[in-house]
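Each remark here refers to the structure printed beneath this line.
The values are calculated or read from the model by the stated rules, or taken from the named source; none is laboratory data. Because the structure is predicted, anything quoted here is derived from the model rather than measured. No Cβ is skipped: glycine too gets one built from the backbone with ideal geometry, and neighbour counts run over all protein chains shown.
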Amino acid sequence: MLRLGPVQLDSPLLLAPIAGHTDLAFRIVCREQGGVGCAYTDLLNSRAILKETSRTLDLARTNEFDQPAGMQLYGNSDDPLPEAAIWAVDHGARVIDINMGCPVDKVAKQNGGSLLLRDCGNTTMLAKRIVDAVARHTNGRVPVTAKMRLGWDPEHKVAPVLARALADIGIAAVTVHGRYTVQFFSGQADWNAIGEVVEAVPQIPIIGNGDVTEPGHVTDLMRVSGCAGVMIARGAMRTPWIFRRAKALLDTGTVGPEPTFPEKLTVVLRHLELCRLYNGEQRAAIRMRQHVAWYGKSMGHIKYIKEAIRVAPDCDTIEAILRTAQVELADVTTPSVPFSRTRRLGDDRPVPEDFDNPTCRGAESE
Ligand SMILES: Cc1cc2nc3c(=O)[nH]c(=O)nc-3n(C[C@H](O)[C@H](O)[C@H](O)COP(=O)(O)O)c2cc1C
């Protein structure tokens, strides 16, 4: 089982920090599905945390259903990262993670995220200040971890050296996304290169990350790289039940069953419920449109449901659409192509009054 310093996890599978996606509602959705050892917040700006801006408070929010909670911070040596880490501990973080991988300009141009890969010495000193501050504040109760890419570009594969230096100063575990910064998300994650980090740093757990979209990929990544845990991002956005299914594979050698189509809709409905609870009606409607677009990628041809939700004016309408689809498609395993052809909504068309018209049914195409 995976241990992050003093924190023993029930599962070696971790929900990745995903900006704009891993709010409290989504983290709880994944946890309720089972198999999640730890789930992380979006990346949090250290200065914004200390100013307690409403957006950052919202992103950092956790509760008893979200444990153990990881909070990810970003910044550079000039930022108050040690202070922000203490703030995070005082607001519920059981694990502090330092972002060393974000490639987007907004972060990297402020010398945070991936830019930390360009000066390993400075980054190690920064990490030590955070580790020491958190250790003093918590009596060693809260581990500090780091999440990095392989390096800025293939000519600078620093992950093995940097991860080892970080282990030496007390970082409890390192997650390695098997891509370089310059790749953003293109190409394939290099699982063998993650293995090089595992070999270079035997003293702490290395968590592999990148392109795990099926339960079987978890065992593949562990076998190829020797990593002690696996972190999942986009696979969880599409299929938050991936952790449960992969955990079953790890525990029993057999992949857990894939939810049926109506079961998947139940998960989406639960997500909507939590989103309303934690974000309020207006923001929940906006967020659910985005979430449904991701869920839709794993649910067959449901274009008309996605379109209807995309133009839905509020959460009540979104809920009605989902509940109607659940009844109409109760016997469907995965809607197939003819289903999506039965109804196409243009971008500018309102949700139809007759949404539950039987012509919307996909059952006939099964
Ligand atoms: C929309 C989006 C937002 C992301 N936000 C973060 C973030 O806030 N912090 C972070 O460390 N990585 C972030 N990542 C990277 C993921 O955590 C992960 O490393 C990457 O997507 C590769 O894993 P995957 O193949 O399982 O998606 C983000 C990725 C995506 C697609």
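Restricting the search to the range 1-47, which residues are in contact (Cβ under 8 Å) with a residue 40 or more places away in the chain, of a type in the set (D, E, K, R) and away from the ligand (no atom under 16 Å from the Cβ)? Selection gives R3, E32. For the range 62-107, filtering for residues that are within 16 Å of the chain's Cα centre (by Cα) and surrounded by fewer than 17 Cβ atoms within 10 Å (Cβ to Cβ) leaves 1.
Quick check on D314: is it over 24 Å from L9 (Cα atoms) and at pLDDT 95 or above? Against the criterion (over 24 Å from L9 (Cα atoms) and at pLDDT 95 or above), D314 qualifies. Comparison of A84, A69, A93 shows that the only residue that is among the aliphatic types (A, V, I, L, M) and farther than 17 Å from L14 by Cβ is A84. Scanning for something surrounded by 22 or more Cβ atoms within 10 Å (Cβ to Cβ), closer than 14 Å to A172 by Cβ and not polar (S, T, N, Q), does the range 110-129 turn up at least one residue? Yes, the range 110-129 has at least one match. The residue of the range 30-52 that is surrounded by the most Cβ atoms within 10 Å (Cβ to Cβ), among those that are under 15 Å from the mean Cα position of the chain (by Cα) and in a helix (DSSP H, G or I), is C30. When the range 139-159 is filtered for residues that are in a helix (DSSP H, G or I) and either over 26 Å from the mean Cα position of the chain (by Cα) or buried (at least 21 other Cβ atoms within 10 Å of the Cβ) (or both), the ones remaining, listed by number, are E155, H156, A159. Counting only residues that are within 15 Å of the ligand (Cβ to nearest atom) and closer than 19 Å to A19 by Cα, the range 94-130 holds 20 of them.
Inclusion of R287 among residues that are under 22 Å from the mean Cα position of the chain (by Cα), in the same structural domain as F184 (by TED's automatic domain parsing), within 15 Å of the ligand (Cβ to nearest atom) and of a type outside the set (S, T, N, Q) is not warranted. Scan the range 225-270 residue by residue and report those that are crowded, with 16+ Cβ neighbours inside 10 Å, among the polar types (S, T, N, Q) and part of a loop (DSSP other than H, G, I, E, B). Once the filter is applied, which keeps residues that are crowded, with 16+ Cβ neighbours inside 10 Å, among the polar types (S, T, N, Q) and part of a loop (DSSP other than H, G, I, E, B), the range 225-270 yields only T239. Remark: pairs (first residue in the range 302-329, at positive phi; second residue in a helix (DSSP H, G or I); Cβ separation under 7 Å; 6+ apart in sequence or on different chains) are absent.
Taking each residue of the range 147-159 that is farther than 18 Å from Q188 by Cβ and looking for partners that are charged (D, E, K, R) with beta-carbon atoms closer than 7 Å, six or more apart or interchain, yields K147/D97; W152/R118. A Cβ distance below 8 Å, combined with a sequence gap of six or more or placement on separate chains, defines the contacts here; from the range 57-84, residues that are on the phi > 0 side of the Ramachandran plot reach residues that are part of a loop (DSSP other than H, G, I, E, B) in the pairs G75/Q110; G75/G112.
For the range 173-216, the tally of residues that are more than 13 Å from the ligand (Cβ to nearest atom) and part of a strand (DSSP E or B) stands at 2.
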